[in-house]
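Heads up: the structure comes next, in structure tokens.
The values are calculated or read from the model by the stated rules, or taken from the named source; none is laboratory data. Because the structure is predicted, anything quoted here is derived from the model rather than measured. Cβ sites come from the backbone with ideal geometry, for glycine too, and all protein chains shown count toward neighbours.
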Amino acid sequence: MKEYITKMDETYRSKQYPAGSVFEKAAGENRRGNITLAILSGAVSVLLAAVIVFLVSLTLTRKAEGNSDAIMIGTIFIVVVAALLALCLFGMVVAIRHIKDGVGDIIRKSAKTSGLSESDIRHFDQQAMQSDSCVLSLTGKLSAAMANQKDGILTRDYLWLGDRTNTVFKREEIVGVSLYHWYYYVNKKRVRSLNLAVLSGKNVLASVEVTEEGGRELMELLAQGHSSIQVHQGILEEGKEYDAWRNGFFEKK
């Protein structure tokens, strides 16, 4: 049987977090990702610029040959390619701007997303590497990679699901947890994914893909530590049912 929740140990810590910090690793990944995006965007921009030059030349040639529709047709293609070029250049500029984002920048973004202070986020980062923390591997490696989802970490006081936005919860502030079905399309085929949603009293929510066994194991563990957490035993469907569950915590009594 797969172990979904395991203790943090030196082997895992040294392999996954050699700098001893969740956010040091996140900053490094952010830097590498933005460098890659900037290079790819730059290469595609050069290619698109060359296509525009070619289209302008071709349009003028066809016009000189007496093709009366050459200007109109050529302009349409040029505008479309120019729009793609502008989009690539925008992506390159954004990537370059964020290449130098460091640990402090990542922590500030996490704090804003989580509704916590930066000191809370740093406190979580300190606890995360300690031996009494737990590593959360709640789904298969392939599914996690496709969803850009990392292993989460559960500490004495905090929960991080490994989501892309680095949402951190204070365990004492979690009010509800539930499994729910989320749907997306692959080659026009509707695919169903099982996710775990965690909701705080500040209406901060994060979710990650899980197996049912892994999700229920974490839900049970969270409830054991904090009896005020409402554990939804069923599986919600995205849409009205899911929204009603979330909004139900904040409706005026």
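Got at least one residue in region 15-28 being touching a residue at least 12 places away in the same chain (Cβ under 8 Å), of a type outside the set (Phe, Trp, Tyr), under 27 Å from Gly214 (Cα atoms) and touching a Gly at 6+ places or on another chain (Cβ under 8 Å)? Among the residues of region 15-28, not one is touching a residue at least 12 places away in the same chain (Cβ under 8 Å), of a type outside the set (Phe, Trp, Tyr), under 27 Å from Gly214 (Cα atoms) and touching a Gly at 6+ places or on another chain (Cβ under 8 Å), which makes the answer no.
Across region 1-14, the number of residues qualifying as within 22 Å of the chain's Cα centre (by Cα) and more than 22 Å from Thr167 (Cα to Cα) comes to 0.
Taken over region 173-227, the residue count meeting the criterion of being without any contact (Cβ under 8 Å) to a residue 12 or more places away in the chain and of a type in the set (Ser, Thr, Tyr) is 3. Residues Asp101, Asp105: which one is of a type in the set (Asp, Glu) and either outside any helix (DSSP H, G or I) or more than 30 Å from Asn203 (Cβ to Cβ) (or both)? Of Asp101, Asp105, the one residue that is of a type in the set (Asp, Glu) and either outside any helix (DSSP H, G or I) or more than 30 Å from Asn203 (Cβ to Cβ) (or both) is Asp101. In region 149-207, the residue that is nearest to Ile5 (Cα to Cα) out of those that are in contact with a Phe, Trp or Tyr (Cβ under 8 Å, 6 or more places away or on another chain) and surrounded by fewer than 13 Cβ atoms within 10 Å (Cβ to Cβ) is Arg192. Put simply, of Lys112, Lys170 the only residue that is free of Cβ contacts under 8 Å to residues at least 40 places away in the same chain and either over 17 Å from Leu222 (Cβ atoms) or outside the structural domain of Leu48 (by TED's automatic domain parsing) (or both) is Lys112. Do we have any residue at all in region 208-224 that's surrounded by fewer than 17 Cβ atoms within 10 Å (Cβ to Cβ) and small (Gly, Ala, Ser)? Yes - at least one qualifying residue is present in region 208-224.
Listed here are the residues, each with its yes/no results for (1) among the hydrophobic types (A, V, I, L, M, F, W, C); (2) under 30 Å from Gly104 (Cβ atoms); (3) modelled with pLDDT under 95.
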{"residue": "Gly140", "(1), (2), (3)": "no, no, yes"}
{"residue": "Arg164", "(1), (2), (3)": "no, yes, yes"}
{"residue": "Val198", "(1), (2), (3)": "yes, yes, no"}
{"residue": "Glu212", "(1), (2), (3)": "no, no, yes"}
{"residue": "Gly215", "(1), (2), (3)": "no, no, yes"}
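Can you name every residue in region 15-49 that is of a type in the set (A, V, I, L, M) and either over 19 Å from Ile96 (Cα atoms) or more than 20 Å from the chain's Cα centre (by Cα) (or both)?
Across region 15-49, the qualifying residues are Ala19, Val22, Ile39, Leu40, Ala43, Val44, Val46, Leu47, Leu48, Ala49.
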